[in-house]
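Presented below is the structure to which this report refers.
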There are 2 protein chains.
Amino acid sequence: ISCGISKLRKPKLLENWNTRPGRRAFRSFHLARNVRIDHFGFDENLTFQQRYLIADQHWKKDNGPMLFYTGNEGDITWFCNNTGFMWDVAEELGAMLVFAEHRYYGESLPFGNESFSDSKHLNYLTSEQALADFAVLIEHLKGSIVGAQFSPVIAVGGSYGGMLAAWLRMKYPHVVVGALAASAPIWQFGDLVPCGTYFSIVTNDFKKSGKGCSESIRNSWNAINSLSSTDAGLQWLSSAFHLCSPLKNLQDAAILKSWLAETWVNLAMVDYPYEADFLQPLPAWPIQVVCKFLTNPSLPDKQLLQNVFQAVNVYYNYSGEASCFDMSQTATKNLGQMGWYYQACTEMVMPMCTDGVNDMFEPQKWDFDALSNECFKLWGVRPRPSWILSMYGGKNISSHSNIIFSNGGLDPWSAGGVTQNISESLMAIVIPDGAHHLDLRSRHPCDPSSVQQARALETRSMKQWIEGYYFRAHKEQDQKRSRGAKGRADLNCLNPLTESCCQSHFQ
Amino acid sequence: ISCGISKLRKPKLLENWNTRPGRRAFRSFHLARNVRIDHFGFDENLTFQQRYLIADQHWKKDNGPMLFYTGNEGDITWFCNNTGFMWDVAEELGAMLVFAEHRYYGESLPFGNESFSDSKHLNYLTSEQALADFAVLIEHLKGSIVGAQFSPVIAVGGSYGGMLAAWLRMKYPHVVVGALAASAPIWQFGDLVPCGTYFSIVTNDFKKSGKGCSESIRNSWNAINSLSSTDAGLQWLSSAFHLCSPLKNLQDAAILKSWLAETWVNLAMVDYPYEADFLQPLPAWPIQVVCKFLTNPSLPDKQLLQNVFQAVNVYYNYSGEASCFDMSQTATKNLGQMGWYYQACTEMVMPMCTDGVNDMFEPQKWDFDALSNECFKLWGVRPRPSWILSMYGGKNISSHSNIIFSNGGLDPWSAGGVTQNISESLMAIVIPDGAHHLDLRSRHPCDPSSVQQARALETRSMKQWIEGYYFRAHKEQDQKRSRGAKGRADLNCLNPLTESCCQSHFQ
């Protein structure tokens, strides 16, 4: 079963994932194993079922490499379906593919339906626990799959999964020989990057996708503000935007604006050069399609907003099947909203802000205290914004090695990404025409050459890491052999200070 | 106040540690700060007071380096007093000294008297939490001490503290530029090293310290077994060994044997070339002194055991003040026995075994199940022997850098230490005449040349790490300056793939 997605192979193929070998190009397995709920303490001894997918059709059974997708905040089959790059290079690398689900997402719920019930049950939803899950899963696979004992493993991930891939290499370099961290905003924390860049990249995408486009959106906020000051206006907005639940007050109008803003952001993330279904089913270069409706920013409020509706209709109703819009759902249900909200309320504090000048959004300062209070209300926890920096080093990561950070120039998340080489083995790849981890998607005839080149570079690096690993492994074996059966006392005598230690101490 | 120990300065000076600057050679401070009890979860929000000591008399205030002792299983003032090496090199390096206490030891008890009450309270006693304590403490110090913001920090530690020093560099390389891990048995786990080497090193120490010495000890076990089969024999043993509580049965006799075995092991650890007081006050080369009483292994049981008593009397009664021997205390009370027993029952599972042939002990196989059951009885927890390997990489640590592993040839813990170079920047130093982290002790006229050379090598490496850090810091500053005020869009265009991205995307 192939899980690479394209125009011809839609997600319904997912249903074929099962524990038996598939009948298509890839033999694949859908598995689960028991993992400790708490890796970092000994009091809580419970385990949970972590799901992972394996495809080994092209794997070279004699310690061929393993590409290991570090699952992020959603159903792993969905990430598997949207990471065609791994499927595309599997044969060339002779690699086994593994997709590991992140705890608290998809089917990997530590406490089943209780997982999100309170802060006690949520206590084990952290990146550190997830990395430990991945590390022990890799060790388990290498220990249990015949011929994989000495397989080099490369971590691959996109977005938060890309952060996890990079961090897995940083924290467990003995487990993975390298990492491809695609669109991983590992620096969207603390004051490492300006909080406004994210939204200015979104704005740039709209600005260059059509005349008047970003200005129309910038003007739409005031139009909504005007209309939402009266009941009639609220009613008009509810009907104009085909909302499932009508707006009742100013608070609802604020939700409408957030929903629109999130829609523009999502469009920037998935501004792919061909028809695709990632967050939503969409046409090629969707922002250009959207912007066709937003050419005149100077229209009267109602006309402007009718155009805005036409624009979001592209995002929410490309299939033409939506009868009304539900503002609580802006993207695919494969993403685990609950879990990510909790993570954003604890470790994943990513400062964001807008000024309405360098971006097309209503000005909004970064307000940590408001977030903290909201988090406490929702989950009974408060975020610790500096912890990720203490844990993963912020910008001070030059002592690590073998990580590729790839970023798309269209992707707002590139604001927090590594876009310049840090060292020879910490490489940055910028894909100017790429949106959110375009490089991880399947090959496509419409791929811009920049993403083709990026993938070629990525593949080349992965081959180098693999070859380096085999080279070192062989050298070590040779060394062991040449040392022969010398005992322990001799080892003590391999002394850099003096050659005479054996006489004085181990005669 | 100096905390380096020598014949002239005995531990009573410790009483002078206080929060005000001292009056002796070193200005020093005794401090504490609030630290999270749980770094890895958000449900438990309590903090505890972590103690640390600072001496900054020789510190170069303009970002001079910091030597940071990663405290191990005991009172930090005691480690401070026994790590004279740091005091000896402070002036040469212009370094600030920091000694940080390990949670659950000394005065750094997360739940006060309740800390050891049950597995709930003990749940936060792990090496991972301790490393996080150190990392955030270093960040706090750099952030709060004027002139320390860009200070390079080097971790220093001995024994378990040496393991922590090495692991701190491995897991938080952005926090410490290097580590001196003295007598750190990071490989005394799983099946990384043979379980019997530890005790065969102890045996070697006795074998070469006097004719008949190790044989006398080997024969002593059967002598005890014979005598302990009768009540009269037990009584004779109790009196011959001056025990505070007389032996009542075979179980007590087994405790006597364990106590003796531990005594021989401790002697091997502290077989220093001069009079010292580490685990106990002892003469120079104490094993040689001990072995003077154990020259004839063929004596009848009672005579042999009377000699064994004379031998242990050297260890427990060098001061001549002991009236009877308490078998529950084999070393200084500065070590936290409770805490270490728990750690040995959870993460720190170090397989040990004896065979009576390659060593002078009664044969005893490594019995994990017995340990596990004992741990469950004591603490309600079971050890996870593979976790340390998953977490810290076992022997697969070559991707790390800037760690010196020093080991003494006389030290049984060298069995689990790194005694061969792993790479240019993961260096092993073997000190043939050294016992347990002799190199960390103060300079002494009786130091063998091997430890002098080791310290010189260690100091040279630390200087290289410090210079390397300053060099990189200056280079980065220059780069930032030469980049000037270029904005974010430009950064996006520094694209390794194509120079033309700016035209297509950021015009």
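Can we say B:His102 is more than 14 Å from every other protein chain (Cβ to nearest Cβ) and either in contact with a helix residue (DSSP H, G or I) (Cβ under 7 Å, 6 or more places away or on another chain) or closer than 17 Å to B:Met348 by Cβ (or both)? Against the criterion (more than 14 Å from every other protein chain (Cβ to nearest Cβ) and either in contact with a helix residue (DSSP H, G or I) (Cβ under 7 Å, 6 or more places away or on another chain) or closer than 17 Å to B:Met348 by Cβ (or both)), B:His102 qualifies.
Checked against the criterion of being assigned to a loop (DSSP other than H, G, I, E, B) and closer than 29 Å to A:Phe116 by Cα, the candidates A:Ala132, A:Ala184 yield just one match: A:Ala184. Is it the case that some residue within segment B:77-96 is touching an Asp or Glu at 6+ places or on another chain (Cβ under 8 Å), modelled with pLDDT of 95 or more and of a type in the set (Gly, Ala, Ser)? So far as segment B:77-96 goes, no, none of its residues is touching an Asp or Glu at 6+ places or on another chain (Cβ under 8 Å), modelled with pLDDT of 95 or more and of a type in the set (Gly, Ala, Ser). B:Glu101 fulfils the conditions (1) among the acidic types (Asp, Glu); (2) in contact with a Ser or Thr (Cβ under 6 Å, 6 or more places away or on another chain); (3) open to solvent by 10 Å² or more (accessible area, probe 1.4 Å) except for a single criterion, (3).
Reported count of residues in segment A:444-495, each being at pLDDT 95 or above and either touching a Cys at 6+ places or on another chain (Cβ under 8 Å) or of a type in the set (Val, Ile, Thr) (or both), is 4.
Restricting attention to segment A:184-206 and to residues that are of a type in the set (A, V, I, L, M, F, W, C) and within 9 Å of chain B (Cβ to nearest Cβ), the residue that is most open to solvent (accessible area, probe 1.4 Å) turns out to be A:Val193. Considering only residues that are open to solvent by 10 Å² or more (accessible area, probe 1.4 Å) and part of a loop (DSSP other than H, G, I, E, B), which ones fall in segment A:280-294? If the condition is that a residue be open to solvent by 10 Å² or more (accessible area, probe 1.4 Å) and part of a loop (DSSP other than H, G, I, E, B), then A:Gln280, A:Pro283, A:Ala284, A:Trp285, A:Lys292, A:Phe293 are the ones that fit.
Among the criteria (1) assigned to a helix (DSSP H, G or I); (2) touching a residue at least 24 places away in the same chain (Cβ under 8 Å); (3) open to solvent by 50 Å² or more (accessible area, probe 1.4 Å), the one B:Ala232 does not fulfil is (2).
For segment B:340-371, a residue qualifies if it is open to solvent by 30 Å² or more (accessible area, probe 1.4 Å) and either aromatic (Phe, Trp, Tyr) or outside any loop (DSSP other than H, G, I, E, B) (or both), and the qualifying residues are B:Trp340, B:Tyr341, B:Gln364, B:Trp366, B:Phe368, B:Asp369, B:Ala370, B:Leu371. Within segment B:33-46, residues that are at the interface with another protein chain (Cβ under 7 Å from one of its Cβ atoms) sit with their Cβ atoms under 6 Å from residues that are exposed (fewer than 15 other Cβ atoms within 10 Å of the Cβ), at 6+ positions apart or across chains, in these pairs: B:Asp43/A:Lys120.
Count of segment A:449-467 residues, restricted to those that are open to solvent by 20 Å² or more (accessible area, probe 1.4 Å) and more than 9 Å from chain B (Cβ to nearest Cβ), is 7.
Within segment A:208-224, residues that are more than 12 Å from A:Val308 (Cα to Cα) reach partners that are assigned to a helix (DSSP H, G or I) and open to solvent by less than 10 Å² (accessible area, probe 1.4 Å) with beta carbons closer than 6 Å, at six or more positions or on different chains, in the pairs A:Ser209/A:Ile287; A:Ser209/A:Cys291; A:Gly210/A:Cys291. Apart from one condition, B:Asn222 fits all of (1) of a type in the set (S, T, N, Q); (2) more than 30 Å from B:Gln303 (Cβ to Cβ); (3) more than 13 Å from every other protein chain (Cβ to nearest Cβ); the exception is (2). Restricting the search to segment B:383-397, which residues are touching an Asp or Glu at 6+ places or on another chain (Cβ under 9 Å) and within 10 Å of another protein chain (Cβ to nearest Cβ)? Within segment B:383-397, B:Pro383, B:Arg384, B:Ser386, B:Trp387, B:Leu389, B:Ser390, B:Met391 qualify.
Scanning segment B:372-428 for residues that are without any contact (Cβ under 8 Å) to a residue 60 or more places away in the chain, open to solvent by 30 Å² or more (accessible area, probe 1.4 Å) and assigned to a loop (DSSP other than H, G, I, E, B) yields B:Arg382, B:Arg384, B:Asn396, B:Ser398, B:Ser399, B:Gln420, B:Asn421, B:Ile422, B:Glu424, B:Ser425. Taking B:Gly178, is it within 25 Å of B:Thr346 (Cβ to Cβ) and small (Gly, Ala, Ser)? Considered against the rule, which asks whether it is within 25 Å of B:Thr346 (Cβ to Cβ) and small (Gly, Ala, Ser), B:Gly178 comes out as no.
The requirement of being farther than 30 Å from B:Leu131 by Cα and touching a Phe, Trp or Tyr at 6+ places or on another chain (Cβ under 7 Å) is not satisfied by A:Leu389.
The values are calculated or read from the model by the stated rules, or taken from the named source; none is laboratory data. None of the values given here were measured: they were computed from a predicted structure. Methodologically, a virtual Cβ is constructed for each residue, glycine included, from the backbone with ideal geometry; neighbour enumeration extends over all protein chains shown. Side chains are part of the model used for accessible areas, which takes the heavy atoms of the whole protein and leaves out ligands, DNA and RNA. Shrake-Rupley method; radii C 1.70, N 1.55, O 1.52, S 1.80 Å.
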